[in-house]
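Chemist: Dropping a structure here in structure tokens format, bear with me for questions.
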Amino acid sequence: MAIKSHAFGRVTLTNDDAEKFSRQVKYGRPTKTAKESVARGLELTKKFKEGGKVSFKSYPREEKIAG
């Protein structure tokens, strides 16, 4: 069982970790936060396709995100 990180962000999963990840992808349920993130991303994509650019403001979060 190992998770190996490589330069430029590549990650390799082996044995049990790979099986667990595969099950999570296949059977896992998205969280409310993940669904909201996808909705925001889709809206940004739509704006980018319409206008050719996207601008946004970033604010620090006051609450911690549960993972």
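Chemist: Once phi is turned into θ = phi - 60°, what whole-Hz ³J(HN,Hα) does the Karplus curve with 6.51, -1.76 and 1.60 give for every residue of the range 44-58, x standing for Gly and Pro?
Modeler: Result, rounded to whole Hz: 4, 4, 4, 5, 5, 5, 6, x, x, 8, 9, 10, 8, 10, 10.
Chemist: Gain in length, SER22 to LEU44, computed as 0.36 nm per residue apart minus the alpha-carbon separation, to one decimal in nm?
Modeler: The span from SER22 to LEU44 would gain 5.0 nm if fully extended.
Chemist: Percent relative contact order of the chain, based on C-alpha pairs within less than 8 angstrom and at least six residues apart?
Modeler: Across the chain, relative contact order equals 16 percent.
Chemist: Translational D (Stokes-Einstein, µm²/s) of the chain at 4 °C and 1.567 mPa s when Rh comes from the Kirkwood sum over C-alpha pairs?
Modeler: Details: Rh = 15.5 Å.
Rounded, D is 83 µm²/s.
Readers should treat all values here as calculations from the given coordinates under stated rules, not as data from a laboratory. Please read these numbers as outputs of a predicted model, since none were measured by experiment.
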